Amino acid sequence: MRLLLGGILHPWVCGPDGPPPIVLLPTHRPPVSLLSMSTSAAPRLVTVDPDTPDEAVLAPAAAALAGGALVAFPTETVYGLGANAWDAAAVARVFAAKERPFADPLIVHVLDWAAAQALVDPAALAAAAGDEAAPVARAARLAAAFWPGPLTLVLPKHPRLPGLVTAGQDSVALRAPAHPVARALLRLAAIPVAAPSANPFGGISPTRAADVLADLGSKVDWIVDGGAATLGLESTVVDCRGPRPRILRPGAVTVEALREVLPEVLGPDEVGVGAETASMSAPAASPGLMARHYAPRRARVSLFVGAPAAQRAAMEARAVEAADAGRRVALLVPAEDAADLSAALRDWAARVTVEVLGSRADLAAAARGLYAALRRLDEAGVDVILAADRGAMGLGLALRDRLSRAAEGRVIRV
Ligand code: TXA
Ligand code: MG
């Protein structure tokens, strides 16, 4: 059975072996009945130890997940909003809860490479035999090096995987998360889990269970609290299908690390990701990569790119200008700049706050703290957030990508 959703033909399949369910939906539009479908009860909350989760505590959430419930859970990157990837109705509820366009495909989470292969087109798997340059062979090498971990691999999809998961595309994005809680949940549920970040579409990704509760509340059936996400930025997405693998979204697995395994990987420069061209970044290849994303609800973000001294001077001048106009301003800067800026802006202390995001060298701390800082400042009623770019090396590139999208293109080169 095939359905027309939002003008795209979707195969509607419920499982690896079982027959497709009979589901009738209107054509040309998203399934309205599913869009309005949400549970009114508060989500069930379970708390587990991040490193050694109690499986007896997780088991009911895992059973519910396998049975079609929406379960938010921690990963090492951000919290995900999980649904059984074989269950198209459950996946439709993910889109509804997030108010996410059906054209934006989901990442499917699996335990390991063996489980991933069950979701890949059998013809592509067969083509990898004896051909090291075949997409699946390349992906296998990346998976061997970086899984479980913050790396998502895009490959030709298995025809039985519901088209809703992949937004009607013939590719699927696969990731084996490293977080012990995510892994325990996957093991207990024994299904592949389609899971976007557990935030309303376009908003800031959640790094704590409380963020999910605040953002999605009763639209979620279960929330598993496994502490704060340790990395804090979403996974690196690599499309393995072309003549050369290419990075669609920079993340914690850096370009440099990927090239140690596959030197031919095309970095974000070549695909136009980053501050300069955020609005043009591969919209067809990765429909989720919009220019506006990860944005606070109220505060307007600007990103300052340049040498540290010039950055500091430009941010200071902009902060004074905004504060003088009666706005509340926050500066997101590395520790080394905080003292100087606080001193320079002390006359404006009532309207200007300086937030430290790790030391200049500690990009991991900046990544871990970024989303929580953006949320905190937004909730505090700040009007303007001025953020310092952290360079393009290592994690700096992912930080630049997220901040330039949060800034909706307001990137100031100094
Ligand atoms: O770290 C992460 O990746 C988190 C955690 C929960 O695993 N997930 C996450 O999902 O960030 P989401 O939905 O917020 O972002 C998924 C990104 C989007 O940019 C989407 O367009 C892209 O991956 N994507 C998914 N499937 C794709 C496909 N078949 N081809 C190209 N891009 C795809
Ligand atoms: Mg997201």
**Asked** Within the bounds of the stretch 248-259, is there any residue that is among the β-branched types (Val, Ile, Thr), within 16 Å of ligand 2 (Cβ to nearest atom), farther than 30 Å from Ala56 by Cβ and in contact (Cβ under 8 Å) with a residue 60 or more places away in the chain?
**Response** no
**Prompt:** So which residues in the stretch 311-323 are farther than 19 Å from Leu399 by Cα and in contact (Cβ under 8 Å) with a residue 12 or more places away in the chain?
**Reply:** Ala313, Ala314, Glu316, Arg318, Ala319, Val320, Ala322, Ala323
**Prompt:** Just one of Leu142, Leu188, Leu164 is closer than 19 Å to Pro74 by Cβ, of a type in the set (A, V, I, L, M) and not in a strand (DSSP E or B); which is it?
**Reply:** Leu188
**Item:** Given (1) at pLDDT below 95; (2) surrounded by 17 or more Cβ atoms within 10 Å (Cβ to Cβ); (3) of a type in the set (Asp, Glu), index of the condition Asp340 fails
**Value:** (2)
**Prompt:** So which of Ala103, Ala145, Ala137 is surrounded by fewer than 21 Cβ atoms within 10 Å (Cβ to Cβ), more than 24 Å from Pro60 (Cα to Cα) and within 12 Å of ligand 1 (Cβ to nearest atom)?
**Reply:** Ala103
**Message:** Can you pull out every residue in the stretch 176-206 that is away from ligand 2 (no atom under 16 Å from the Cβ) and among the aliphatic types (A, V, I, L, M)?
**Reply:** Ala176, Ala178, Val181, Ala184, Leu185, Leu186, Leu188, Ala189, Ala190, Ile191
**Fill in**
Pairing a residue in the stretch 188-215 that is away from ligand 1 (no atom under 13 Å from the Cβ) with any residue that is aromatic (Phe, Trp, Tyr), where Cβ atoms lie under 7 Å and the two sit 6 or more apart in sequence or on different chains, gives Ile191/Trp86; Ala209/Tyr79
**Request:** Only one of these is assigned to a loop (DSSP other than H, G, I, E, B), under 18 Å from the mean Cα position of the chain (by Cα), within 10 Å of ligand 1 (Cβ to nearest atom) and hydrophobic (A, V, I, L, M, F, W, C): Leu174, Leu231. Name it.
**Result:** Leu231
**Item:** Of the criteria (1) of a type in the set (D, E, K, R); (2) at pLDDT below 95; (3) surrounded by fewer than 19 Cβ atoms within 10 Å (Cβ to Cβ), which one Asp378 fails
**Value:** (3)
**Complete:** Of the conditions (1) over 28 Å from Val136 (Cα atoms); (2) at pLDDT 95 or above; (3) touching a strand residue (DSSP E or B) at 6+ places or on another chain (Cβ under 8 Å), the single one that Pro296 does not satisfy is (2)
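The values are calculated or read from the model by the stated rules, or taken from the named source; none is laboratory data. Given the structure is predicted, the values throughout are model-derived calculations rather than measurements. With ideal geometry, Cβ positions are generated from the backbone for all residues, glycine too; neighbour counts draw on all protein chains shown.
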